1. Report, to the nearest 10°, how far helix 85-99 tilts away from the longest principal axis of the Cα atoms in the chain, using its own Cα long axis and a range of 0 to 90°.
2. Any idea what diffusion coefficient the chain gets from Stokes-Einstein, in µm²/s, Kirkwood Rh on alpha carbon pairs, 25 °C, 0.890 mPa s?
3. Before rounding to the nearest 500, sum -39500 (n - 2.57) across all DSSP H runs of length at least 4 in the chain and divide by the residue total; then give [θ] at 222 nm in deg cm²/dmol.
4. Rolling a 1.4 angstrom probe over the protein chains, ignoring ligands and nucleic acids, what is the accessible area of Val71 in square angstrom, nearest 10?
5. Report Rg(Cα)/(2.2 N^0.38 Å) for the stretch 244-293, keeping two decimals.
6. Measure off, as a whole percent, the carbon and sulfur share of the 1.4 Å-probe accessible area of the chain, all protein chains present.
7. So for Ser262, Ser169, Ser312, what's the accessible-area order with a 1.4 Å probe, most first?
8. So what is the accessible area of the chain per residue, in Å², with the probe set to 1.4 Å?
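The values are calculated or read from the model by the stated rules, or taken from the named source; none is laboratory data. Everything quoted here is computed from the prediction, not taken from an experiment. The protein model used for the area step is the full one, side chains on, heavy atoms only, and it has no ligands, DNA or RNA in it. Shrake-Rupley method; radii C 1.70, N 1.55, O 1.52, S 1.80 Å.
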Amino acid sequence: MATAPPPISTQRPPFGVRLRQFWRRVTEGLELTQLWSQFENEARASYRLYSRDVAAKTPEGLTHRGRHLHVVKEFFWAVLEKLSPARRVLLLAALILLVFPSGDLSYQAADHEIHIRAFDLHFWGGLLMFLLLMLEIADRVVMKRDLQIAREIQTWLLPGAPPQIPGISVAYATRPANTVAGDYYDVFPRPGKTNEENRVVFAVADVAGKSIPAAMLMATFQASLKTLSTAQVPLEELVANMNKYACSNSQGGLRFTTAFLSEYDAARRVFTYINAGHNNPILRRSSGLVERLDVGGLPIGIQPEAKYESASVALAPGDWLIIFTDGLVEAENATQNEYGETRLLAAIAAGAATTPAEMLKRLMAELDLFVGNTPQHDDVTCLLVKASEQ
């Protein structure tokens, strides 16, 4: 015989329980310290956004009082100009209603006093502010959804698990400063005319700029690299062809890309590379000797007829190759000190006996410890290669 389900209680939970449930829903379970840290990060990001506009429009030679008045005026316009014209009018109306006093109107008629209650201007001003907030939130939700889709598409463009390559082991990771990034990394095979000519392409690039514009150029860079790599041409010609294509879409060199592109010959354990204006990768020998891979040319997208030179390095067992973007070494802590290559080299030396996957995890943890709660201002990408014994 089936057992009847227990009766559903219609009694409301105590007020204290409901208050805690409400607070948990509002804060998503975050502690007060976490909420304050989140607010602090968002406030700093907002300050940087508005302060750039104010600083650009503040002339030199103002008196102390004049400068303060000018900054207040430009800050007001910096906020106002971020809104659409209709919402600017809505904000101005709300501010006017909030500034004007509210109260009762009354007058004496015959032998009694008549009271006429006026509109509560503060209430209507607050209501307009709430309406403006709702409109801005709706835009933010739509934009956030579009950005999330863009991030998913960008994730498809990046490699998944590191490939198995004879003679070396590989690990890589990226951390966007925003929802989408302008950094790019990839490891993929480039077949030759014969098996002896087969190579593996290693690429790390950093597009000038951030967010959506940089992400779009990153996708263009990835597509051109994958397409042009199918041609049986030397690495120098491949990079030159990519540069010519990029120059046709770089707005006169304003949208350039720094890149480190290389081919790995597994049979000889040799990397042939071109450094196109990128941070010099670090080659740390098993003996502790450090070399910089700096041969190449200009960043991609600046000069259509730029020439590129290549160089080759052979890896011996225990050697490390560290390829990274400037977001790693230029990450700042609360005192505006950069992480720097000195700390990066120390971290590599301390974990030289580990695998690239372990080293990458350790490196990112050390970076987090150094940065703390300071907002990330640039994309961070790191690709590690270690030569194995076999």
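1. 40 degrees
2. On the way: Rh = 25.8 Å.
For these conditions, the coefficient is 95 µm²/s.
3. Numbers: 10 runs with 169 residues, N = 390.
Rounded to the nearest 500, the figure is -14500 deg cm²/dmol.
4. 50 Å²
5. On the way: Rg = 15.0 Å, N = 50, 2.2 N^0.38 = 9.7 Å.
Taking the Cα Rg and dividing by 2.2 N^0.38 Å, one obtains 1.54.
6. Numbers: 14160 of 23600 Å².
Ligands and nucleic acids excluded, carbon and sulfur give 60 percent.
7. Numbers: Ser262 0, Ser169 45, Ser312 75 Å².
Most to least solvent-accessible, the answer reads Ser312, Ser169, Ser262.
8. Working: 23600 Å² over 390 residues.
Per residue, the chain has an accessible area of 61 Å².
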